[in-house]
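Every read-out reported here was derived from the displayed coordinates using simple, explicitly stated rules and does not represent laboratory data. Values in this document were obtained by computation on a predicted structure and should not be read as measured data. Because the Cβ atoms are built from the backbone with ideal geometry, glycine has one as well, and the counts that use them run over all protein chains shown.
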Amino acid sequence: MITFCIAFILIVGLRPVSYHFGDTINYAHQYYGYQRGTILYDPDSSEWLFNGMMSRASYVMSVQYFFLIIEFFYIVPMFWACMRLVSKNGSIAMLFCLGAFSFFSYGVNGIRNGMACSLILLALSFFVSETKNEKIIAGLLCFCAYNVHHSTALPILCMVIAYFYRNTRMVMYFWLFSILLSLVAGGAIESFFSRLGFDDRLSGYINSHQYDDSFSSTGFRWDFLLYSVMPIWLGWYVIFKRNIQNRSYQILLNMYILCNAFWVMLIRASFSNRFAYLSWFMYPLVLAYPLLTLPIWKDQGKKTGMILVGHTLFTYVMWLIRG
């Protein structure tokens, strides 16, 4: 697995600058601006950490090597989090991450969001620890993630809520309520969130219809909702049907559900996939953690393998559909 991760970092990190890789070309143009001096680094700017990395790197390396560094910070924290959370089966947990629907996209397209969310995964692995020093490390990682991409304020907030509020049943009820709320008053909720200033791109993503035709469908995404519910259904089965209690799993599951509920309320927005990723980046670990650490079934190895294959196959089919 380590060899594969190194190969992925090298191959994807050194990819050509092309519109085939989404926002890669936009980040490259910004990087060229720093190199030519047409863009100047502002230490007081929003998300100063990422902009500072880009500015300093532009003096000493090409844009491909900068993307290589970003890919390193995308893959390594993710793999480290897997090893910390699922120590005996960390490599298998990483396979769940590699097979996730959003994994490749946020390695080459939404690279800043992908990097920030990987830092959140690593922060979570420290946050669930009982020791004070590890919680301090978690706080520092969250600070870095937030200043790479402000949208991580949502998973950070949900992480803290999930740590102190462990009632998974009520959190699931809240998720169900968010569906009803979205169906009944989705437009009003979108207008409310667009005025919060939660992220400097939030209003544009919610209100813009410029790229509606780039999605397979717009409106209430029942297909994405069905995809999102799978870890929640598994959590219900583990906690309430099998009556298995695990503190770290409850924090991880509740955090995922709370973040996903936010996306459900904004599900009609043109760029709702951007909000979905604020929960989907946890999806593979929420799925893998109970399968690899908790005694759910007698033939658990076989069922875990089947779920991993189905999880990866879904990603493959979606990529075929999207062309």
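Just a few scattered comments:
- Highest to lowest packing among 94-107, 2-15, scored as the average C-beta count within 10 Å: 94-107, 2-15
- In percent, rounded to a whole number, the relative contact order of the chain is 20, using alpha-carbon pairs under 8 Å and six or more apart.
- Whichever lysines have a C-alpha closer than 28 Å to that of residue 132, once near sequence neighbours (fewer than 8 apart) are set aside: 88
- Listed peptides 78-87, 232-241 by packing density, highest first (mean Cβ within 10 Å): 78-87, 232-241
- Given charges at Cβ of Lys, Arg, Asp, Glu: the chain dipole, positive-most of 145, 27, 159: 159
- Helix 283-293 and the longest principal axis of the C-alpha atoms of the chain enclose an angle of approximately 40°.
- Between helix 132-148 and the chain: long-axis angle, C-alpha atoms, 0 to 90°, nearest 10: 50 degrees
- Contour minus Cα-Cα distance for residue 160 and residue 134 (0.36 nm per residue): 7.9 nm
- Label-point separation in nm, residue 297 to residue 6, each point 7 Å along Cα→Cβ: 3.6 nm
- Linear extension gain, residue 313 paired with residue 244, 0.36 nm per residue minus alpha-carbon span: 22.0 nm
- Rounded, prolate or oblate (a/c below 1.5 giving rounded, otherwise prolate when a/b exceeds b/c) for segment 273-317 by Cα gyration tensor: oblate
- The local environment of residue 8, defined by Cβ-Cβ distances under 12 Å, has a net charge of 0 under the rule Lys, Arg +1 and Asp, Glu -1.
- The packing ranking of peptides 140-151, 62-73, 159-170, 296-307, highest mean first, is 140-151, 62-73, 159-170, 296-307, where packing means the average number of other beta carbon atoms within 10 angstrom of each residue.
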